[in-house]
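The structure under discussion appears below in the form of structure tokens.
None of the figures in this text is laboratory data; all of them are computed from the coordinates on show. A quick note: this is a predicted structure, and the numbers were derived from the prediction, not measured. Note that we place each Cβ from the backbone using ideal geometry, even for glycine, and neighbour counts take in every protein chain shown.
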Amino acid sequence: MKFLKNIRIVLSILFFLPILVFFLDFTGKLPLALHQFLKIQWIPALLSLNFVVIGILLILSILFGRIYCSVICPLGILQDIIEWKSKLFRKKKKKNRFQFSKPQNILRYSILGVTILLFVFGSSFLVILLDPYSTFGRIVSQLFRPLLIWANNGFAWGLNAVGNYSFYKVEQIAFIPIAFIIAIIFFFSVATLAVKNGRLYCNTICPVGTFLGLLSKISVFRIAFEESTCNRCGSCEKNCKSQCIDSDTMTVDDSRCVTCFNCLSACKRGGIKYDIRYKKHTANQNQAPVDNSRRTFLLASGAVVGSILMAKANNLNPKKDSILSRKPIMPPGAQNINHFNAHCTGCQLCVTKCPMQVLKPASLEYGISGITQPHLVFATHIFCTYDCNICSSVCPTGALQPIAMEQKKLTQIGVAKLRIDMCEVITHETDCGACSEHCPTQAVHMIPYKNGLTKPEVTEDLCIGCGGCESICPVRPYQAIYVEGSQTQAKAKKPEEAKKFDKVIDDFGF
Amino acid sequence: MKRRDFFKSAALAGLAAAFSPKAFGVTSTSKSLAVQSEPDMVAVMGGEPAAMLTRALKELGGIGHYVKKGNKVVIKPNIGWDRKPELAANTNPELIGTLVRLCKSAGASEVIVFDHTCHDWIKSYANSGIQAAVTAAGGKMVPGNDESYYREVDLPRGMNLKKAKIHQAILDCDVWFNVPVLKHHGGAKNSISMKNLMGIVWDRGVFHRNDLHQCIADTATYHKSPALNIVDAYRIMKSNGPQGKSESDVVMLKSLIISPDFVAADTASMKLFSQVQPTDISDVRHIALAEKLKVGTQNIEKLNVKRIKMN
């Protein structure tokens, strides 16, 4: 049965690498179809009600146990890699270093319960924070990707200096403290736990892991001792990164087993096997479950009350210039704020795929439960490209519904607000028109002012909120034109085409 | 005329320009002292971009007149927008490809093409068709998206703009060509050869804050002027510029206007443009402002203009 571990490793690499590379790619050269890999993640499938994937994952789990955790979940595989590589840094380079430990039942079932309860009550706060796939996305996009871009830029700098432009500098993603801090906290907790306790994170904190643990208790296949050949050497236990094998009592805690098959490879005598659970009567070795419903209930109610308070705090945001207190601008395809906030897990995929890098993880723009969900932040030359619908086409959770290009060009993610008294043309009586220049629909257009000058005017029906105008407006400290986010993404009017010129010109005119 | 103009303006600009080593460099490499017979401007109509360019350059003494063996050449088209060639938001790719090929055939050691784009530069380079045309012709596309590619230069003759950060490709080349497309422009009224200079500069916000037209004219005083301004009017954008909304904004004029003189090229282009969309040239203020700074002349009647109609 030793081949099972090898199959697990090969499969996990096949699932892990495309996701990692897709998140890291800053050139936009990888095919967008790779995002299909992300649809097979548990939380995205649940949120987008992808019943095919949910069905497959359920069947897999009921048949084989927590295959998802050992093969599909990128955060799980990241932990395996860290655990594996930590050999290089550990003082005692022992291979067999784990030991059975008791499950953290109170903690893990509480977290699962509170996460579900909060979601039912309308806050995706914990789903966002604890979804392992999204946590992985945040770690890669906030920590690994910037390092890669720095390396690229250093390399490009060297090559450009000698006239080689095969590498070019890429703008570094804006630093968003909250997103960075969340990524770094999770990375270090996950990494530390992985080095010290194997998959303790997956078996304690991760709500997906806990949920799958309930399924793996009844899975058809499971790890079990072969009493006839086992000599209780304890080799399996020492190799169990889930710390769920107790070789003294010859029991395996199925709920924590992630089916990594390390034990099978460790056992030289075939004393532990991966076998069908239901072929004969098994001794009832289930421990009496701890009654923690009361504690769970208390914890959960506390969290529910807390989250309601947090939601209330959203509306308190007193600031001076109206540009500072504007509504957040959701990516195209978000439909409306309730749908978006409830479905987005802040995995950062759209943020990393946005060729303009106009998408940024939110701090508190959507309130506490929307931390790291994407919103648009305009800066010079950074606005939403007219001919682009990448974000909506890669979203694995359905928070952004796919929209066709023609539909995208009419999707009103916001509306430009012009403060004409602040405009350069009015305050300095000079030509500018940068806003209109950047407006793809000419919702912002120039009308006669005086002395041959023209000033901007906005036709709100035509505006799709791309932010071209705001991005280029030279007025400081606050732009004379800015985009107010739409809470519901309405359909803009189709811009009228110019009158065609059909006379023939056959003279130079000079 | 170009060289004479240059001497005149250099003298007027005073010692500052004369002492600038780069200005001296240009005069010392001047190879066109005995070319009185060549026209100050060539205007072609009725051909395909490649044929019109080849024909016009023949009138001007051939590409070898401007590009010498081993020269580093830069071509600055308008590639500001993520738009396909049919929308005339960017310079015609066939025109640029042909120019690259001609420069290479004249022995240029390298031909660099770039723009400081408004839209995502990767998409603009690709969708304008210019990247493919340049690469196929043996030229090299260089990015303009990062401040580190730009170095500060003085503009002693500038009024509002005394310094600007200009792309190193322009600073380090032997000769460069300015190849704009003729367009309507919401801000500057029209975008022709001088407006195209905003793509060799890093900080354009300064332009919009300090009288756009004056800053454009100031940039045109930069002493290392292009060998030629090649105004692409094969397709022009008559309205909704500089991006355009649809092909209804585009008019096929199949024309090309070439002159070393910024002001003359823009003046002639405005006259061509006004036949489609009547525009008061004085509203395109940077043209008159540049003339005031001795960048060139609006008086094209006084110039030796060669007009060619191809079938």
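Kindly write out, for region A:20-25 in residue order, the coupling ³J(HN,Hα) from the Karplus curve 6.51 cos²θ - 1.76 cosθ + 1.60 (θ = phi - 60°), rounded to whole Hz, with x marking Gly and Pro.
Whole-Hz 3J(HN,Hα) from phi for region A:20-25: 4, 5, 5, 5, 7, 4.
Angle, helix A:105-120 long axis vs. longest principal axis of chain A, Cα atoms, 0 to 90°, nearest 10?
Orientation of helix A:105-120: about 30 degrees from the principal axis.
Under a crude label model (7 Å from the Cα following the beta-carbon direction), how far is B:E38 from B:K68 in nanometres?
Roughly 1.3 nm, to one decimal.
Grab the Cα-Cα distance for A:T27 and A:I62, subtract it from 0.36 nm times how many residues apart they are, and report the gain in nm with one decimal.
Values: separation 35, 0.36 × 35 = 12.60 nm, distance 4.00 nm.
Full extension from A:T27 to A:I62 adds 8.6 nm.
Measure nothing fancy, just the Cα-based angle from helix A:207-216's long axis to the longest principal axis of chain A, in degrees from 0 to 90, nearest 10.
For helix A:207-216, the angle is close to 40 degrees.
Under 14 Å from a point 7 Å along the Cα-to-Cβ line of A:C233: which residues of region A:1-42 have their amide N that close?
Output list for this probe position: empty.
What's the average, rounded to a whole number, of partner chain beta-carbon atoms within 10 Å of each residue's beta-carbon in B:241-249? Please report the intermediate quantities before stating the final value.
Numbers: counts 2, 4, 9, 3, 8, 5, 3, 6, 6.
Shielding by partners across B:241-249 averages 5.
Going by Cα centres, region A:233-252 and region A:124-196 are how many Å apart?
Using only Cα atoms, the two centres lie 36 Å from each other.
Can you tell me the order of A:478-484, A:73-79, A:247-253, B:264-270 when each peptide is scored by its average per-residue count of other Cβ atoms within 10 angstrom, highest first?
Those peptides, ordered most packed to least, come out B:264-270, A:73-79, A:478-484, A:247-253.
Name the shape class, rounded, prolate or oblate, that the alpha-carbon gyration tensor gives for the protein assembly as shown, where a ≥ b ≥ c are the square roots of its eigenvalues, rounded holds for a/c under 1.5, and otherwise prolate holds if a/b is larger than b/c and oblate otherwise.
The shape class here is prolate.
List the residues of region A:455-493 whose backbone N lies under 20 Å from a point placed 7 Å from the Cα of B:S282 along the Cα-to-Cβ direction.
Answer for region A:455-493: A:455.
Nearest 10 degrees, 0 to 90: what angle lies between the long axis of helix A:293-313 and the longest principal axis of chain A (Cα atoms)?
10 degrees
Compute the distance in nm between two label points, each set 7 Å from the Cα along the Cα-to-Cβ direction, one at A:K499 and one at A:K85.
In this crude spin-label approximation the distance works out to 6.6 nm.
Can you show me the helix-derived [θ] at 222 nm for chain A, built from DSSP H runs with n ≥ 4 at -39,500 (n - 2.57) apiece and divided by the number of residues, rounded to the nearest 500.
That calculation yields -11500 deg cm²/dmol at 222 nm.
Quick check: pseudo-label points 7 Å beyond the Cα along Cα→Cβ at A:L159 and A:T427, how many nm apart are they?
4.2 nm
Please say if region A:1-155 is rounded, prolate or oblate, where rounded means a/c under 1.5 for a ≥ b ≥ c the square roots of the C-alpha gyration tensor eigenvalues, and otherwise the choice is prolate for a/b larger than b/c and oblate otherwise?
Rounded is the answer for region A:1-155, as its axis ratio a/c remains below 1.5.
When ranked by the protection proxy of mean other Cβ atoms within 10 Å per residue, highest first, what sequence do the peptides B:174-185, B:287-298 form? Could you put the intermediate results ahead of the total?
On the way: B:174-185: 25.2, B:287-298: 22.1.
Going from most to least packed, we get B:174-185, B:287-298.
What does the average come to when, for each residue of peptide A:437-443, you count the partner chain Cβ atoms lying within 10 Å of its Cβ?
6
Which whole-number percent gives the relative contact order of region B:2-309, counting Cα pairs below 8 Å spaced six or more residues apart?
Across region B:2-309, relative contact order equals 22 percent.
Considering only DSSP states other than H, G, I, E and B, which chymotrypsin sites (Phe, Trp or Tyr not before Pro) in region A:67-141 qualify as loop sites with at most 16 other Cβ atoms within 10 Å?
Counting only loop positions with at most 16 other Cβ atoms within 10 Å, the chymotrypsin sites (Phe, Trp or Tyr not before Pro) in region A:67-141 are A:F89, A:F121.
For region B:295-302, in order, what is each residue's ³J(HN,Hα) by Karplus, 6.51 cos²θ - 1.76 cosθ + 1.60 with θ = phi - 60°, in whole Hz (x at glycine and Pro)?
Taking θ as phi minus 60°, the curve returns 6, x, 10, 8, 7, 6, 4, 7 Hz for region B:295-302.
Given a Förster radius of 56 Å and the C-beta distance between B:S248 and A:F188 as r, what FRET efficiency does 1/(1 + (r/R0)^6) yield to the nearest 0.05?
0.45
For region A:401-411, take each phi angle, set θ = phi - 60°, evaluate the Karplus expression 6.51 cos²θ - 1.76 cosθ + 1.60, and give the result in whole Hz per residue in order, putting x for glycine and proline.
Residue by residue, region A:401-411 yields 7, x, 10, 5, 4, 5, 5, 4, 5, 10, 8 Hz.
Among rounded, prolate and oblate, which fits region B:2-309 when a ≥ b ≥ c are the square roots of the eigenvalues of its C-alpha gyration tensor, a/c under 1.5 means rounded, and a/b larger than b/c means prolate?
rounded
Could the peptides A:431-438, A:321-328 be put in order, highest first, of the mean number of other beta-carbon atoms found within 10 Å of their residues? Before the final figure, lay out each step's value.
Working: A:431-438: 28.1, A:321-328: 14.8.
Peptide ranking by packing, descending: A:431-438, A:321-328.
Would you mind giving the mean number of other chain beta-carbons within 10 Å of the Cβ of each residue in B:229-235, as a whole number? Spell out each step's value before the answer.
Working: counts 0, 0, 0, 0, 2, 0, 0.
Partner Cβ neighbours, averaged per residue: 0.
Taking the Cα centre of region A:314-491 as origin, sum charge times position over the Cβ atoms of Lys and Arg (+1) and Asp and Glu (-1), and report the length of that vector in debye to the nearest 20.
420 debye
Along the charge dipole of the protein assembly as shown, pointing to its positive end and built from +1/-1 on Cβ of Lys, Arg, Asp and Glu, which listed residue (B:F262, B:S225, A:G55) has its Cα farthest out?
My answer, from the dipole projection, is A:G55.
What is the distance in Å between the Cα centres of region A:451-510 and region B:227-258?
Answer, in whole Å: 19.
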